[in-house]
Amino acid sequence: MKSDTFHMSMLFDFYGELLTEKQKELFNLYYNEDMSLTEISEIAGITRQGVRDAIVRAESVLRDTEDRLRLVRRYAGIQKDADQIAQAAQRIMAANSVGSRNAEIARQADVILKTVSHLSE
């Protein structure tokens, strides 16, 4: 359940502007505020089923958009690659610190780490 909630929140972050204002509001209360359908229905002044229907429609829009564009999948891949690059740069720095240290290697590894950090923001 946590994984699905995280995934839906990521989809919302990327594609939430495609939803209606009402869908955004209900989706946010359900996924980000962790409110029950009953709690949301009381706040929104609609039936519990109405809340559920709106959330299901919003989920469908978000999933369909991801299926077409795959931005969340690409983002996750970039994050994974950035982590691997950062780990490699750290290993280079560690290996460079043993024996005779090469200042240029240290500078370039630092540039790599800073660039990866910037990309991950």
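Points worth noting:
- S120 vs. criteria open to solvent by less than 50 Å² (accessible area, probe 1.4 Å) and among the hydroxyl-bearing types (S, T, Y): yes
- Taken over the range 14-25, the residue count meeting the criterion of being hydrophobic (A, V, I, L, M, F, W, C) and open to solvent by less than 50 Å² (accessible area, probe 1.4 Å) is 1.
- All conditions but one from (1) at pLDDT 95 or above; (2) surrounded by fewer than 19 Cβ atoms within 10 Å (Cβ to Cβ) apply to L11; the one that does not is (2).
- The one condition in (1) touching a residue at least 40 places away in the same chain (Cβ under 8 Å); (2) farther than 23 Å from S120 by Cα; (3) among the β-branched types (V, I, T) that V72 fails to fulfil: (2)
- Single condition G99 does not satisfy, out of (1) of a type outside the set (V, I, T); (2) at pLDDT below 95; (3) in a helix (DSSP H, G or I): (3)
- The range 26-68, residues that are open to solvent by 80 Å² or more (accessible area, probe 1.4 Å) and either in a helix (DSSP H, G or I) or in contact with a Ser or Thr (Cβ under 8 Å, 6 or more places away or on another chain) (or both): E39, E42, I43, T47, R48, Q49, R57, R63, D67, R68
The values are calculated or read from the model by the stated rules, or taken from the named source; none is laboratory data. Here the structure is a predicted model, which is why all the values come from computation and not from measurement. Methodologically, a virtual Cβ is constructed for each residue, glycine included, from the backbone with ideal geometry; neighbour enumeration extends over all protein chains shown. Calculation scope for accessible area: heavy atoms of the full protein, side chains included, ligands and nucleic acids excluded. Shrake-Rupley method; radii C 1.70, N 1.55, O 1.52, S 1.80 Å.
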